[in-house]
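Worksheet: the structure to be examined is printed underneath.
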Amino acid sequence: MFLKFWGTRGSIPVPGNSTIKYGGNTPCVEVRNNEKKLIVLDAGSGLRELGKHIAQNGHEDSIHIFISHYHWDHIQGIPFFMPLYEKSNTITFYGEEFNGKKVKELLGHQMALNYFPINIDEVGAKTSFVEIKTNSVYQIGDVKVETRRANHSSPTITFKFTEGKKKIVYMTDNELHLRDSPHEYSAMEILEKNKELVEFCSGCDYLIHDSMYDEISVLGKRGWGHTGNITLAYFSILSKVKNLVLFHYNPDYSDEKIDALLKETLSVLNSENSGINCIASKEGMCIEL
Ligand SMILES: [Zn+2]
Ligand SMILES: [Zn+2]
């Protein structure tokens, strides 16, 4: 499998001098299986850049876009995705029903005439919309896709993609925060309250996880559906992941702040002799596995 990050920021795009290193676009990750089939994780503003890249490099037989949830930062790239306007493309969107509404309606809303000049029914590509559920298994070519429920302020799906022996988990907009004090790290408590997700991530090659906040600022944000970096470090130790990828950064965090977040996370992983490699995702970053 191959991964490329096109957007790594949470909540809202933040262009500017302080976000050059890690990027300002909202979530979008390209996944390719060994046959080069294209799977896209979330459709934040990073999707626009991916679309330009696809248009410049020719045609894709089929594009599969998985939407974790419908918060604006995860869907806002769709109207600006160039392949959507190309007749020869076939694009399938996968997402969950919400309040009785189907995926097409949930995504199409943002292209209603009062928001955008082109309606979802007027795009050139052949589009289809697939309702998916949690605790389910899907197949895209030789890639197995498994789903679970994340802990977020709106119903959100977390995904595991398996090809042969390689496994990646995409778990963003997920709250692991469980402690009352920033100075008490109880691995047992984290395990107890996140058993299902620990098991889901168990032994994966790459865990791409929400690390929206540092451990102090997350304390005032209980119930917002995001995670502090130290809790995440312990979660990844419990899950015995091979590589932890920090993702979905606070839009207020500068490059220097994310450098510090990474350094702190690494120091916890190292002090516990975890052997886990930790990297901070940034736009343009590629991973081959
Ligand atoms: Zn988000
Ligand atoms: Zn969200």
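The values are calculated or read from the model by the stated rules, or taken from the named source; none is laboratory data. Everything quoted here is computed from the prediction, not taken from an experiment. Note that we place each Cβ from the backbone using ideal geometry, even for glycine, and neighbour counts take in every protein chain shown.
If you go through the stretch 213-270 and keep only what is at positive phi and either aliphatic (A, V, I, L, M) or touching a residue at least 60 places away in the same chain (Cβ under 8 Å) (or both), you end up with G223, G225, H248. Looking across the stretch 51-81, the residues that are under 19 Å from the mean Cα position of the chain (by Cα) and within 18 Å of V143 (Cα to Cα) come down to I63, H64, I65, F66, I67, S68. Against the conditions (1) at pLDDT 95 or above; (2) hydrophobic (A, V, I, L, M, F, W, C); (3) surrounded by 15 or more Cβ atoms within 10 Å (Cβ to Cβ); (4) more than 21 Å from I258 (Cβ to Cβ), I208 satisfies every one except (4). In the stretch 1-18, of all residues being more than 20 Å from F161 (Cα to Cα) and surrounded by fewer than 24 Cβ atoms within 10 Å (Cβ to Cβ), the one that is farthest from ligand 1 (Cβ to nearest atom) corresponds to N17.
Count of the stretch 223-242 residues, restricted to those that are among the β-branched types (V, I, T) and within 16 Å of ligand 2 (Cβ to nearest atom), is 1.
Scanning the stretch 198-220 for residues that are in a helix (DSSP H, G or I) and within 21 Å of P27 (Cα to Cα) yields a total of 2. Among the residues of the stretch 26-75, those identified as within 13 Å of ligand 2 (Cβ to nearest atom), touching a Gly at 6+ places or on another chain (Cβ under 6 Å) and not in a loop (DSSP other than H, G, I, E, B) are D73, H74. For the stretch 138-181, the candidate set comprises residues that are hydrophobic (A, V, I, L, M, F, W, C) and within 21 Å of K104 (Cα to Cα); within that set, the residue that is farthest from ligand 2 (Cβ to nearest atom) is I140. For the stretch 82-99, the count of residues that are more than 21 Å from the chain's Cα centre (by Cα) and either touching a residue at least 60 places away in the same chain (Cβ under 8 Å) or closer than 21 Å to A150 by Cβ (or both) is nonzero. Each residue in the stretch 219-242 was checked for being surrounded by fewer than 20 Cβ atoms within 10 Å (Cβ to Cβ) and over 10 Å from V198 (Cα atoms), and 7 pass. For the stretch 127-167, the tally of residues that are β-branched (V, I, T), surrounded by fewer than 16 Cβ atoms within 10 Å (Cβ to Cβ) and either under 18 Å from K102 (Cα atoms) or in contact with a Leu (Cβ under 7 Å, 6 or more places away or on another chain) (or both) stands at 2. Scanning the stretch 27-57 for residues that are out of contact with any His (no Cβ under 8 Å at 6 or more places or on another chain), within 16 Å of ligand 1 (Cβ to nearest atom) and not small (G, A, S) gives C28, V29, L41, L47.
Selection of first residues in the stretch 1-27 that are on the phi > 0 side of the Ramachandran plot and of second residues that are within 14 Å of ligand 1 (Cβ to nearest atom) and in a loop (DSSP other than H, G, I, E, B), restricted to Cβ pairs under 6 Å at least 6 apart or on distinct chains, gives the following pairs, ordered by first then second residue: S11/P251; G23/T8. Residues of the stretch 46-85 that are among the hydroxyl-bearing types (S, T, Y) and buried (at least 22 other Cβ atoms within 10 Å of the Cβ): S68 alone.
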